[in-house]
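Participant: Have a look at this one before I ask anything.
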């Protein structure tokens, strides 16, 4: 379960202070999918960075499954991220010289999974997202966009994190493939008991979420 | 697949660039290995030449020119001053006298021969030796017998006071360093010519001298001498307290120059102080230049290799900035990412080192030859006789025809009146004969250099990796 309260983040630029996230509070339950929509520059990516512990908030609190993250040091945040947070990016961001299986194994290595279980777990996750056989040994450049995003989803869920953060997961895919990816995300979230937070422009994606929020000028409001 | 294996794999991500980096590294490392081997070879040569030079310093009266004479004798007091100097291990004093048949019952064991007649007995010329006949007529002469008073009979018999290379006592005994007895050790040539054996006697300066030993120095010339206690010769010859040469042995080759200077200061204008070291150092100057060149090139090559790797790794980190951000975002600790890039850097270094080492070893010999031959004269130089004539003959002895005598100039060093057999030092002729070899030190250097290159080459890249913030990288997506 993800609980966010009074989260704020300001960037200090030469042009002046930019309040990117203003007093954001919300709660997302286990197995739920939450969608955040908003235009460019509204604060979506900043909010995602804060929730993914890539950035530290100026104030407010983030609580994942009862762990308050505000007091963690940088190294603790890195360790927490490797075990408790899964990332899915618009551009997939797979490691280009590793094949599909190795890309998934990588996150298991960072999460300190037993060495002998990594390969089996990676194959299990890839099979779960619909990839098997020779595709496991293919590098990202030899996979389609949809297949790459499936590998990214398998990577995000592999270490069984309670929170998955997806930044425009369908942004680089055609509509049909995007729809399949969203369905996969929902299904996998349910199977893995993970909270999925999706940042998107696409109302069709948002419509499939359990909760929908809109962010504008850093302010988050729940949409019906 | 752990970070190290990923790093090794990453090293071949861009094959053309990787090969380029490895080749450039290999060239730099090959150059450094070649220079190291050249430096070691030259250093070994320099040390071997210095070792053959020895640590002996010769002190002779100012202007003294071996058998040609000249100068005022040194004294026992001078010997005492030299003995008291630091870094002096042995001091051998000698007084040399040449006696003709009018002063000794001995005859020379060496005949003058035609050369002796030519140089020594020519009428009207500056002859040497003892001549008979009248001016303008055919003359014959015989070589005088050389008596050497020495305070180091032990050393004298192993190539010391009487010159020669390997004088060995073949019969009888020696005498004490401070002996005042009328005793002598004679060379085999003298013994043979005069039918002497241990216990025999002969006369010199009107005194009966007893033969206590016979030596063999390996050549007729060196065996044509008589060794006696220094004090005895000083007394019998009426040269009390005088010496004609002092040989000083410094504590090591490294202190020869210092001791030479100290002796010069101690004895002032009374003495000529010479050692072969100065001449040897002059001859070694080209090799020292090669050593300097190879040292700087070696350092330059290692630094160049490190800079090449550093720039390559900076470029690679810059290219993969986004990938590093992603790795950090998904939970890679800094040490894992750094380890991956260090492994990549180490792969370049190891491969470059292996290739460079092989080529460096193969090229070391020709490079060394080129360096040495281009820095040294290939002309064989005549190092000169190590000392003047002391033994037989005695240049300058008035021939029957009379005539003044002028010592020759240039060439040989004075040498304090002792003739050094084998004194021809063709050092320069062997300077180019430098042999290269690969020792443990070369392997150790290659290992250390590879680590150094890898460490320097990775250091800045590591700093950049640490500074990359995943949020900033991903925000730019």
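The values are calculated or read from the model by the stated rules, or taken from the named source; none is laboratory data. Nothing here was measured: the structure is a model prediction, and the numbers come from that model. As a convention, Cβ positions derive from the backbone with ideal geometry for all residues, glycine included, and neighbour counts pool all protein chains shown.
Participant: Residues in the range B:63-78: is at least one under 25 Å from the mean Cα position of the chain (by Cα), modelled with pLDDT of 85 or more and more than 14 Å from every other protein chain (Cβ to nearest Cβ)?
Facilitator: The answer is no, given that none of the residues of the range B:63-78 is under 25 Å from the mean Cα position of the chain (by Cα), modelled with pLDDT of 85 or more and more than 14 Å from every other protein chain (Cβ to nearest Cβ).
Participant: Right, another one. Using the structure shown, decide if residue A:27 is out of contact with any helix residue (DSSP H, G or I) (no Cβ under 8 Å at 6 or more places or on another chain), under 21 Å from residue A:187 (Cα atoms) and surrounded by fewer than 16 Cβ atoms within 10 Å (Cβ to Cβ).
Facilitator: The answer is yes for residue A:27.
Participant: Restricting attention to the range A:85-114, which residues are within 9 Å of chain B (Cβ to nearest Cβ) and in a helix (DSSP H, G or I)?
Facilitator: Result: A:102, A:105, A:106, A:107, A:109, A:110.
Participant: Ok, one more. Restricting to the range A:163-197, count the residues that are more than 15 Å from residue A:92 (Cβ to Cβ) and surrounded by 19 or more Cβ atoms within 10 Å (Cβ to Cβ).
Facilitator: Within the range A:163-197, residues that are more than 15 Å from residue A:92 (Cβ to Cβ) and surrounded by 19 or more Cβ atoms within 10 Å (Cβ to Cβ) number 9.
Participant: Take residue B:106 and decide whether it is touching a helix residue (DSSP H, G or I) at 6+ places or on another chain (Cβ under 7 Å) and within 30 Å of residue B:304 (Cα to Cα).
Facilitator: No, not satisfied.
Participant: Mind listing just one residue for me: the one in the range A:186-206 that is within 20 Å of residue A:47 (Cα to Cα) and not in a strand (DSSP E or B) and, of those, nearest to the chain's Cα centre (by Cα)?
Facilitator: A:194
Participant: Looking at A:60, A:41, A:70, which one is under 17 Å from residue A:219 (Cα atoms), over 16 Å from the mean Cα position of the chain (by Cα) and modelled with pLDDT under 85?
Facilitator: A:41
Participant: With modelled with pLDDT of 90 or more and either in a helix (DSSP H, G or I) or within 14 Å of chain A (Cβ to nearest Cβ) (or both) as the only criterion, which of B:46, B:24 stands out?
Facilitator: Result of the check over B:46, B:24: B:24.
Participant: A further question on this structure: Scan the range B:435-477 for residues that are within 14 Å of chain A (Cβ to nearest Cβ) and either more than 22 Å from residue B:334 (Cα to Cα) or part of a loop (DSSP other than H, G, I, E, B) (or both) and report the count.
Facilitator: 4
Participant: Step by step: first the residues of the range A:115-139, then only those that are over 22 Å from residue A:186 (Cα atoms) and not in a helix (DSSP H, G or I), then the one that is farthest from the other protein chains (Cβ to nearest Cβ). Which residue is that?
Facilitator: My answer is A:138.
Participant: Here's a follow-up. Kindly check whether there is at least one residue in the range B:285-307 that is away from chain A (no Cβ under 14 Å), over 23 Å from residue B:36 (Cα atoms) and either crowded, with 23+ Cβ neighbours inside 10 Å or out of contact with any strand residue (DSSP E or B) (no Cβ under 6 Å at 6 or more places or on another chain) (or both).
Facilitator: Looking for residues that are away from chain A (no Cβ under 14 Å), over 23 Å from residue B:36 (Cα atoms) and either crowded, with 23+ Cβ neighbours inside 10 Å or out of contact with any strand residue (DSSP E or B) (no Cβ under 6 Å at 6 or more places or on another chain) (or both), one finds none in the range B:285-307, hence no.
Participant: Taking the range B:176-186, which residues are at pLDDT 90 or above and either within 16 Å of residue B:222 (Cβ to Cβ) or within 33 Å of the chain's Cα centre (by Cα) (or both)?
Facilitator: Selection gives B:184, B:185, B:186.
Participant: Of these, A:156, A:100, which one is surrounded by 22 or more Cβ atoms within 10 Å (Cβ to Cβ), out of contact with any helix residue (DSSP H, G or I) (no Cβ under 7 Å at 6 or more places or on another chain), under 23 Å from residue B:5 (Cα atoms) and in contact (Cβ under 8 Å) with a residue 12 or more places away in the chain?
Facilitator: A:156
Participant: Continuing with the same structure: Of all residues in the range B:328-366, how many are touching a residue at least 24 places away in the same chain (Cβ under 8 Å) and within 14 Å of chain A (Cβ to nearest Cβ)?
Facilitator: 12
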